Structure formats: C-alpha cells, structure tokens
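**Q** Here it is: the structure, laid out below.
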Amino acid sequence: MQIPIAQPSLGSEEAEAVTAVLDSGMIAQGPETAAFENEFAAYCGVPHAVAVNSGTAALHAALLAAGVGPGDEVIVPAFTFFATASSVSMCGAVPIFADVERATATVDPTDVNAKITSRTKAVVGVHLYGQPCDAGALREICDDNNLVFIEDAAQAHGGEYHGQRTGSLGDLACFSFYATKNMATGEGGMVTTASDEYKVHLRRIINHGQADKYLHTELGYNYRMTDLAAAVGRVQLKKLDGFNRRRQENAEYYRTHITAPGLVLPAVAPGRTHVWHQYSLRVTDAFPLSRDDLMAHLRKHGIGCAVHYPVALSSQPLYAGAGACPISEALAASVLSIPVHPNVTNEGRTYICDTINEVI
Ligand SMILES: Cc1ncc(COP(=O)(O)O)c(C=O)c1O
C-alpha cells in the first residue's frame, strides 16, 4: 500500500469551474475572486477577505497593513514554517522568537509576554497543525500592550477557538491555499479582517500600492489572486467542512489505535476545534526506534511521513543569534507527521496503525 503524506482532493467540480473561467476569457482577477472573497469572509464570520497569491503574500501584506516596518519587532513562535518569520524580515522588521507549549506546539503566551519590548509592534499566533493557538490569551496581551494581533491560519481553515472560527480571532488573519493545505488552489492565500481601514490598505498593498488607476501612493506588490485559482477555491470552500470531518475521524482513529508505548500522540487543548492539517506525534526515547529510523521504517512500508519542522526558526542560519527556544528545539528533534488527509481510507489508517504498533 502507498499512502502519501499529503494529497489534494480535487474532482470534476474543480475542473468544471476552471473550464468555465477559461471559456470566459477572464483569467486574471475578476468576478470569481470577488465571489471567493465574499464567501470566505462569510465562512470565517468576518466582514472582509482579500485574496492573494500565497500564504506568504498574505502574511507580508497583513504585516505591512499593520504598519510593521524597519525598527519594529514582531513576536512569532519559534516552531512554525519559515514564512511566519521571513514575512516579518520582508518588512525590514525583526522577528523575535517566543517558545511554544510542549503539549500543543502552539505559541506560549507567557513567553510572548516576556519578549515584549518598546519596539514590539505585533504578535503573530500560528494555529500549528490545524489547532488554534491560545488566541484569547494573545488577544489580551496585545490589547494590554497596544499591539496588533495577527493570526497565521495557513494550516487551520475551519478551526475554532471557543466556538469562534479562525480568521475572526485576530486584527488580521492569514490563510494559505498551497496544494497540501486543508483547502487548496495550488498556490493562493487570503487575509481576513473586521477593519474597513485594513481592508482598503490591503487592496493597495497587493496591487502595486495603487490608490487610483496608475496613481501609486506607496510601495506595493503584485500579490493578486487569479480567477482560475479563485474558481478552484470556491469549490474547495464548499467541501472544506467535509474534508475537515474526515481529517478529524482519521485523527480520532489514530488516538484510539496507536498503542505503541514511547509515542506521544497530539493533544487538543480545551475549547479548541482542531482541523488536523497534520497529525504530528512525538517519538520519545522509550520508543525502540529513533524518530528518523521510524520515518525510514514507515517509508519502506509505503507510508509517507515528514518532519514539520526539523529546525526551530530560532536555530535557522538566517536568524543566528536569536535566543534559545528549548521546547521548539526539542520538538524539532522528535516530531513526526503521518498521513491524516481526507484521502486516507479506513484500510489505509488501519495499515498505518498496524505498521507503527508492530515496531514494538
Ligand atoms: C504556518 C504557515 N505559515 C505560512 C505559510 C506560507 O504559505 P504559502 O506556502 O502559501 O506561501 C505556510 C505554508 O506552508 C504555513 O504552513
């Protein structure tokens, strides 16, 4: 059996939607993107959504809209994908790394608080692996210190924090529709916000800083989404809740069927609805194989697996000199993601559990 670690779920509806856009002749930004923005905003429960062409563009644009620039610091978790920090650097600002909580791998609000200085402008909370971070605590810290709270929701479309959807928890929130994400357009992204002012500014930032036709009032970028991507996104959004339910079923199956001692299964904090972008377990010294040997063993049996992420951002060469984040470093050395996506069948997940449990 071959089970990839990730696989987009695309069908004839997406193909038909793309064909309709091709037939219309309007393949750049047009009515599909506007409709996708409206539908995505409604899904998240926020007034505005601005479509862009990647999650990285979403983060860069959101940080610029928040006024982040040279001389500023932005606190980000040390355990996340590189773009959470590199987007801060793209603004000419400095990412300051906060450590994460061991149980959820999401940012530790206490460490965020400890890293605030007079230069801090914003905090980015990442909903890592599909589990919302402690947005309530981060909201309070940001309100107390006059900071902008930005969600990196690239991995958590449809996740909830105490019944409130990701995308509606921060001042701005950033999504990715990269091919492996819970909903995918190949490349793509979205910024959501409740603020009219941020929305207007975002629209300029993603379109060459253009305030009026060929009138450029600030430095901007071409971060526009195409109608081809938006057409796929609209279909994927309709399927998102179904995809997430299957991810949750697969995760629940793993929780009850991976029994090998020495593996720590992922925890869900109270009040959070996890949408399982990744099912990442921790391989401890009590397990007979090292993390890397378990990965090799699973791959030998046709089971795709991956390490998200093998190097804490505070240990990346680009950020040499950033302080230590011991929990992030420990997670980087011990986590292993196994397939949890909607295309994992009942037989597939049984095979995965058996292959892991048989190591003992
Ligand atoms: C947490 C996180 N932030 C940002 C990004 C960047 O998104 P994209 O790859 O669409 O630029 C990703 C995607 O991999 C991600 O997982």
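**Q** Select from the range 255-310 the residues that are closer than 14 Å to Val335 by Cβ, of a type in the set (Ser, Thr, Tyr) and in a loop (DSSP other than H, G, I, E, B) and list them in ascending order.
**A** Thr284, Ser290, Tyr309
**Q** Please identify the pairs in which a residue from the range 165-180 that is closer than 18 Å to Leu240 by Cα has its Cβ atom under 7 Å from the Cβ atom of a residue that is surrounded by fewer than 24 Cβ atoms within 10 Å (Cβ to Cβ) and among the polar types (S, T, N, Q), counting only partners at least 6 apart or on another chain.
**A** Ser176/Ser54
Matching residues to (1) buried (at least 22 other Cβ atoms within 10 Å of the Cβ); (2) among the aromatic types (Phe, Trp, Tyr); (3) touching a residue at least 40 places away in the same chain (Cβ under 8 Å); (4) not assigned by TED's automatic domain parsing to the domain that holds Tyr129:
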| position | (1), (2), (3), (4) |
| --- | --- |
| Val268 | no, no, yes, yes |
| Gly271 | no, no, yes, yes |
| His277 | yes, no, yes, yes |
| Ser280 | yes, no, yes, yes |
| Asp293 | no, no, no, yes |
| Ala333 | no, no, yes, yes |
| Val340 | yes, no, yes, yes |
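**Q** To continue, here is another question. So, in the range 179-189, exactly how many residues are within 10 Å of the ligand (Cβ to nearest atom) and buried (at least 22 other Cβ atoms within 10 Å of the Cβ)?
**A** The total comes to 5.
**Q** Of the residues Ala85, Ala42, which is touching a residue at least 24 places away in the same chain (Cβ under 8 Å) and either crowded, with 24+ Cβ neighbours inside 10 Å or within 19 Å of Gln236 (Cβ to Cβ) (or both)? Can you show your working first?
**A** Values: Ala42 fails: touching a residue at least 24 places away in the same chain (Cβ under 8 Å).
Unique residue meeting the criteria: Ala85.
**Q** Which of (1) in contact with a strand residue (DSSP E or B) (Cβ under 9 Å, 6 or more places away or on another chain); (2) within 12 Å of the ligand (Cβ to nearest atom); (3) of a type in the set (Val, Ile, Thr) is the odd one out, the single condition Ile206 does not satisfy?
**A** (2)
**Q** Sort through Thr166, Thr110, Thr117 and tell me the only one that's within 16 Å of the ligand (Cβ to nearest atom) and of a type in the set (Ser, Thr, Tyr).
**A** Values: Thr110 fails: within 16 Å of the ligand (Cβ to nearest atom); Thr117 fails: within 16 Å of the ligand (Cβ to nearest atom).
Sole residue among the options that is within 16 Å of the ligand (Cβ to nearest atom) and of a type in the set (Ser, Thr, Tyr): Thr166.
**Q** Out of (1) in contact (Cβ under 8 Å) with a residue 60 or more places away in the chain; (2) under 18 Å from the mean Cα position of the chain (by Cα), what's the single condition that is false for Val107?
**A** Of (1) in contact (Cβ under 8 Å) with a residue 60 or more places away in the chain; (2) under 18 Å from the mean Cα position of the chain (by Cα), only one is false for Val107: (1).
**Q** For the list (1) without any contact (Cβ under 8 Å) to a residue 12 or more places away in the chain; (2) within 16 Å of the ligand (Cβ to nearest atom); (3) among the basic types (Lys, Arg), I need the number of the one condition that Lys213 fails.
**A** Answer for Lys213: the failing condition is (2).
**Q** Are there any pairs with C-beta distances below 9 angstrom linking a residue in the range 305-325 that is not assigned by TED's automatic domain parsing to the domain that holds Val88 to a residue that is of a type in the set (Lys, Arg), with the two at least 6 apart or on different chains, and if so which?
**A** Cys305/Arg299; Val307/Arg291; Gly323/Lys115
**Q** Is it fair to say Ala135 is farther than 21 Å from Tyr223 by Cα and within 11 Å of the ligand (Cβ to nearest atom)? Give the steps one after another, and end with the answer.
**A** Values: farther than 21 Å from Tyr223 by Cα: yes; within 11 Å of the ligand (Cβ to nearest atom): no.
So Ala135 does not fit the description; no.
The values are calculated or read from the model by the stated rules, or taken from the named source; none is laboratory data. Fair warning: this is a prediction, and the values are worked out from it, not measured in the lab. Counting neighbours? That spans all protein chains shown, and the Cβs are built from the backbone with ideal geometry, glycine included.
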